[in-house]
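The values are calculated or read from the model by the stated rules, or taken from the named source; none is laboratory data. Note that this is a predicted model, so its numbers are computed, not measured. Here the Cβ positions follow ideal geometry from the backbone for every residue, glycine too, while neighbour counts run over all protein chains shown. Protein only, heavy atoms only, side chains kept; ligands, DNA and RNA dropped before computing areas. Shrake-Rupley method; radii C 1.70, N 1.55, O 1.52, S 1.80 Å.
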Amino acid sequence: MALNFEIKEKDPQGLDRIKEKDRPFSKINYYLMGGCLTLIVLGFILMSGGGSTVENGFNPEIFSTRRIVVGPLLSFLGFLFMAFAIIYTPSSRRKKTED
(Lines give C-alpha, C1' and ligand atoms only; values in the text may rest on other atoms or scores of the structure.)
Protein backbone atom coordinates (compact mmCIF):
# COMPACT_ATOMS: atom_id res chain seq x y z
CA MET A 1 0.00 0.00 0.00
CA ALA A 2 1.75 3.11 -1.27
CA LEU A 3 0.79 6.55 -0.17
CA ASN A 4 1.34 9.35 -2.60
CA PHE A 5 2.03 12.61 -0.88
CA GLU A 6 2.53 15.67 -2.95
CA ILE A 7 4.79 18.12 -1.21
CA LYS A 8 4.38 21.61 -2.51
CA GLU A 9 7.24 23.89 -1.79
CA LYS A 10 5.99 27.20 -0.54
CA ASP A 11 6.94 30.23 -2.58
CA PRO A 12 8.63 32.60 -0.12
CA GLN A 13 7.71 35.69 -2.16
CA GLY A 14 4.14 34.63 -2.80
CA LEU A 15 4.47 34.85 -6.57
CA ASP A 16 2.21 31.84 -7.06
CA ARG A 17 -0.67 33.85 -5.61
CA ILE A 18 -0.38 36.79 -8.02
CA LYS A 19 -3.19 36.81 -10.56
CA GLU A 20 -2.53 37.25 -14.27
CA LYS A 21 -4.20 40.66 -14.38
CA ASP A 22 -2.02 41.95 -11.52
CA ARG A 23 1.27 41.15 -13.23
CA PRO A 24 3.03 44.09 -14.88
CA PHE A 25 3.76 42.31 -18.17
CA SER A 26 2.02 39.64 -20.20
CA LYS A 27 3.63 36.84 -22.17
CA ILE A 28 3.41 38.94 -25.35
CA ASN A 29 5.43 41.72 -23.69
CA TYR A 30 8.21 39.29 -22.87
CA TYR A 31 8.28 37.96 -26.45
CA LEU A 32 8.44 41.50 -27.81
CA MET A 33 11.23 42.44 -25.40
CA GLY A 34 13.18 39.31 -26.36
CA GLY A 35 12.88 40.19 -30.04
CA CYS A 36 14.04 43.73 -29.33
CA LEU A 37 17.00 42.48 -27.34
CA THR A 38 17.94 40.23 -30.27
CA LEU A 39 17.74 43.23 -32.61
CA ILE A 40 19.99 45.30 -30.33
CA VAL A 41 22.59 42.55 -30.02
CA LEU A 42 22.53 41.98 -33.79
CA GLY A 43 23.17 45.69 -34.35
CA PHE A 44 26.17 45.63 -32.02
CA ILE A 45 27.53 42.52 -33.73
CA LEU A 46 27.26 44.24 -37.11
CA MET A 47 29.11 47.28 -35.76
CA SER A 48 31.97 45.17 -34.44
CA GLY A 49 34.88 43.97 -36.48
CA GLY A 50 38.59 43.63 -36.56
CA GLY A 51 41.02 46.42 -37.10
CA SER A 52 44.08 46.41 -39.27
CA THR A 53 46.38 43.40 -39.25
CA VAL A 54 49.38 45.62 -39.89
CA GLU A 55 50.72 47.72 -37.03
CA ASN A 56 49.84 51.40 -37.61
CA GLY A 57 48.08 50.32 -40.79
CA PHE A 58 44.84 51.79 -42.09
CA ASN A 59 41.91 49.52 -42.79
CA PRO A 60 39.18 51.22 -44.88
CA GLU A 61 36.73 48.53 -43.70
CA ILE A 62 35.99 50.63 -40.60
CA PHE A 63 34.03 53.02 -42.82
CA SER A 64 31.83 50.34 -44.38
CA THR A 65 28.08 50.84 -44.67
CA ARG A 66 27.48 47.83 -42.45
CA ARG A 67 29.38 49.40 -39.54
CA ILE A 68 28.28 53.01 -39.94
CA VAL A 69 24.66 52.71 -41.09
CA VAL A 70 23.14 49.24 -40.74
CA GLY A 71 24.47 48.30 -37.28
CA PRO A 72 23.55 51.56 -35.51
CA LEU A 73 20.17 51.66 -37.26
CA LEU A 74 19.29 48.14 -36.06
CA SER A 75 20.39 48.96 -32.52
CA PHE A 76 18.43 52.22 -32.48
CA LEU A 77 15.31 50.48 -33.78
CA GLY A 78 15.77 47.78 -31.13
CA PHE A 79 15.87 50.39 -28.36
CA LEU A 80 12.90 52.23 -29.87
CA PHE A 81 10.81 49.06 -30.15
CA MET A 82 11.86 48.08 -26.61
CA ALA A 83 10.08 51.17 -25.29
CA PHE A 84 7.01 50.12 -27.26
CA ALA A 85 7.26 46.54 -25.94
CA ILE A 86 7.30 47.81 -22.36
CA ILE A 87 4.33 50.14 -22.85
CA TYR A 88 2.23 47.77 -25.00
CA THR A 89 -0.93 46.36 -23.44
CA PRO A 90 -2.66 43.49 -25.30
CA SER A 91 -6.31 44.07 -26.18
CA SER A 92 -7.44 41.04 -24.14
CA ARG A 93 -5.75 42.54 -21.10
CA ARG A 94 -7.30 45.98 -21.69
CA LYS A 95 -10.77 44.42 -21.58
CA LYS A 96 -10.01 42.70 -18.26
CA THR A 97 -8.79 45.91 -16.62
CA GLU A 98 -11.80 47.91 -17.82
CA ASP A 99 -14.24 45.53 -16.05
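HN-Hα J couplings of the stretch 36-43 from phi, Karplus 6.51/-1.76/1.60, θ = phi - 60°, integer Hz, Gly and Pro as x?
5, 4, 4, 5, 5, 5, 4, x
Go ahead and run the numbers for FRET between A83 and S48, Cβ-Cβ distance against an R0 of 25 Å, rounding to 0.05.
Working: r = 24 Å, r/R0 = 0.98.
Between A83 and S48 the formula returns 0.55.
Where Rh denotes the Kirkwood radius from the mean inverse Cα pair distance, what is Rg over Rh for the stretch 27-92? It would help to have the intermediate numbers written out before the result.
On the way: Rg = 16.5 Å, Rh = 13.4 Å.
Looking at the stretch 27-92, the ratio lands at 1.23.
Using a 1.4 Å probe over the heavy atoms of the protein chains, calculate the carbon and sulfur portion of the accessible area of the stretch 30-73 as a whole percent. If you can, show how the numbers build up before the last one.
On the way: 2240 of 3210 Å².
Roughly 70 percent of what the probe reaches on the stretch 30-73 is carbon or sulfur.
Along the Cα-to-Cβ line of K21, 7 Å from the Cα, sits a label point; which residues in the stretch 79-93 have backbone N less than 11 Å from it?
93
Gain in length, L73 to I28, computed as 0.36 nm per residue apart minus the alpha-carbon separation, to one decimal in nm? Mind showing how you got there, number by number?
Working: separation 45, 0.36 × 45 = 16.20 nm, distance 2.42 nm.
Length difference between fully extended and current span is 13.8 nm.
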